[in-house]
Structure formats: C-alpha cells, structure tokens
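Report on the following structure.
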Amino acid sequence: MNTYIDYLKVYVYPYAVDILAALLIFFIGRMLIRKISDLVYKMMQKSKLDETLAIFLKNILYTILFAAIIIAALNKLGIPTASLVAVLGAAGLAIGLSLKDSVSNFGAGVLIIMLRPFKAGDFVNIAGQMGVVENIQVFQTVLKTFDNLTIYIPNSTIMGTEIVNYTARETRMVNLIIGISYDDDIKKARDIMMETMAAHENTHDDPAPVTGVLELGDSSVNIFARSWVDTPNWWQTKTDLLQQIKENLEAGGITIPFPQMDVHIQKEEV
C-alpha cells in the first residue's frame with residue numbers, strides 16, 4: 001500500500017493537478033467564449049450591421065477564441081504548442097493555396113456584405129446577367145431572372161465587374177424617344193406627350209415631365225419624353241406610356257414613321 005501511495009505521489013499527483021487545470025481551462029473557457037461571441041453578436045445587431053456579416057464575424061471570433069483555449073489547455077499539460085502552431089500555419093497556407101479561388105470568392109463575399117453595393121431583393125445587372133438578388137452567400141450570389149431561372153455568380157467575379165443596381169434609389173426616370181414624321185407639327189406632338197405623361201397616375205409632378213427635340217433622324221424627328229416615377233412603378237409606367245403616347249399621337253393626326261429609303265433609278269441612253 002505504501003508503495004502504491006508513493007507511486008501516486010511521484011507519477012500521478014503532479015499531473016493530476018495539471019490535467020484538472022487543463023480541463024477547467026477548456027470547459028470554462030468554452031463557456032466564456034460562447035458568451036463573448038453571443039454578446040458581440042447582439043452588439044452588432046443593435047448597431048444594425050448586416051445580419052449575414054454579423055453571423056459571419058461571430059463565427060470567426062468563436063473559432064479564433066476556441067483555438068486559443070485549446071492552445072492554453074495544451075500548454076497547461078506541458079505539451080509544447082509552438083511546433084503545433086507552426087504546423088497549423090503551414091497546413092493553413094497549403095489549404096489556402098489549393099483553394100485560392102474559394103478564398104478569393106470568400107474575401108469578395110465579405111466585401112460585398114460590408115460595402116453593400118446591393119442587397120437581397122434588389123434588381124441588378126451583374127456581369128451581363130439581370131435578375132433579382134435572392135441571396136448573398138459567402139462564396140456566391142444567387143440571382144433570380146424574370147423567366148424564373150436561378151443564376152449563381154461567384155463573388156470574385158462580381159467584385160471585378162460593373163454592377164448596375166436598378167432599385168438602389170427610390171425614384172427613376174422613364175426616358176422615351178418617340179419619332180414623328182418631318183411633315184408633322186412638333187409642338188402639337190410635344191403637347192400630346194406632355195398631357196399623356198401628366199395624366200398618368202404614377203408620374204411625379206416634381207420634377208415635372210419634360211419633352212424636347214433630341215435629333216433630326218434619317219426618317220423622323222426624334223423627340224424625348226421624360227418623367228419621374230417611384231422605382232417599383234418604373235416598368236409598368238414605361239409600358240403604359242409607350243402605348244398611350246402612340247395611341248394619342250395617332251388620334252391627334254401625328255404619324256410615327258418607320259425607316260425608309262428613297263431609291264432613284266437613272267436610265268442611261270444607249
């Protein structure tokens with residue numbers, strides 16, 4: 001019995017304290033970092049940070065703190081962690097190089113979430129693809145087209161190309177170009193266009209609709225007709241005005257010509 005007790009004193013007791021301390025560091029530390037990450041997440045929510053970015057930052061913070069807890073527990077057990085950190089760093093570098101495209105998409109996704117050139121629900125044109133933003137993911141952005149197609153665009157592609165956000169602002173201009181015959185009365189045509197735009201329920205009084213001669217084309221006098229509307233009403237208002245202006249111009253005796261060419265044939269005497 002005395003030999004057994006001596007064995008415990010020499011080989012077990014010193015390590016038991018370190019093992020217990022390491023376990024306490026691990027379990028108590030894990031509870032603390034959960035509370036810290038949750039607290040930081042709530043603070044980001046109160047600051048009205050984007051939800052996707054808030055969750056992402058919370059997970060990153062938790063991962064970093066959890067790695068620190070693991071290293072602290074291993075240190076308490078007397079396990080050298082310098083070499084472990086070096087190995088993890090080398091492994092991370094190798095993984096990063098092998099997944100450089102994914103890392104690029106990941107970084108671009110973070111920038112999109114932070115800079116917010118668009119948000120879910122916006123109608124955009126990205127890399128030549130038009131659609132409504134359904135979801136901004138870490139590696140890709142999902143668009144839904146008018147014909148119900150789903151398009152996945154890598155985030156690195158998005159950050160390297162032009163982004164047109166059609167719904168970023170509350171109002172948009174409906175800009176129509178209508179051609180009339182050279183024989184028609186320009187002032188009368190402009191008055192009809194102005195009356196048609198002013199009568200539409202979606203057009204704004206301020207700024208007021210405006211018309212003017214844009215150019216003298218090959219087959220027509222081209223007149224612009226511009227009015228401002230709320231962005232959600234843009235498409236419907238444009239289609240309405242195109243139809244109504246055409247009908248009202250024709251009812252007023254104004255001709256909308258089509259491109260034509262006069263060909264003169266000259267006969268040579270033999």
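Annotations
- Every residue from the range 153-181 that is in contact with a Leu (Cβ under 8 Å, 6 or more places away or on another chain), modelled with pLDDT of 90 or more and open to solvent by 50 Å² or more (accessible area, probe 1.4 Å): I177
- Taking first residues from the range 154-179 that are more than 20 Å from Q137 (Cα to Cα) and partners that are in a loop (DSSP other than H, G, I, E, B) and among the hydroxyl-bearing types (S, T, Y), the Cβ contacts under 6 Å between residues at least 6 apart in sequence or on separate chains come to G179/S220.
- Extreme residue, least open to solvent (accessible area, probe 1.4 Å), among residues of the range 208-243 that are assigned to a helix (DSSP H, G or I), over 18 Å from Y166 (Cα atoms) and in contact (Cβ under 8 Å) with a residue 40 or more places away in the chain: L241
- Here is the figure for the range 139-169: residues that are under 15 Å from P117 (Cα atoms) and outside any strand (DSSP E or B) total 12.
- Failed criterion for D205 (all others in (1) open to solvent by less than 70 Å² (accessible area, probe 1.4 Å); (2) closer than 22 Å to W235 by Cβ; (3) not in a strand (DSSP E or B) hold): (1)
- Selected residue (criterion: modelled with the lowest pLDDT) from residues of the range 182-199 that are surrounded by fewer than 19 Cβ atoms within 10 Å (Cβ to Cβ) and not charged (D, E, K, R): Y182
- Verdict on I36 being surrounded by 13 or more Cβ atoms within 10 Å (Cβ to Cβ), at pLDDT below 80 and among the β-branched types (V, I, T): no
- All positions within the range 103-139 that are at pLDDT below 85 and farther than 19 Å from L57 by Cβ: S104
Conditions (1) under 30 Å from N135 (Cα atoms); (2) modelled with pLDDT of 65 or more, marked per residue:
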| residue | (1), (2) |
| --- | --- |
| K9 | no, no |
| V12 | no, no |
| L20 | no, yes |
| I28 | no, yes |
| K42 | yes, yes |
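- Test set (1) in a strand (DSSP E or B); (2) among the hydrophobic types (A, V, I, L, M, F, W, C); (3) open to solvent by less than 70 Å² (accessible area, probe 1.4 Å) - I112 fails condition number: (1)
- Condition check for L53: open to solvent by less than 50 Å² (accessible area, probe 1.4 Å) and at pLDDT below 75: yes
The values are calculated or read from the model by the stated rules, or taken from the named source; none is laboratory data. Predicted, not measured: the structure shown is a model, and the values here were computed from it. Neighbour counts are summed over all protein chains in view; Cβ atoms, including those assigned to glycine, are modelled from backbone coordinates with ideal geometry. Side chains are part of the model used for accessible areas, which takes the heavy atoms of the whole protein and leaves out ligands, DNA and RNA. Shrake-Rupley method; radii C 1.70, N 1.55, O 1.52, S 1.80 Å.
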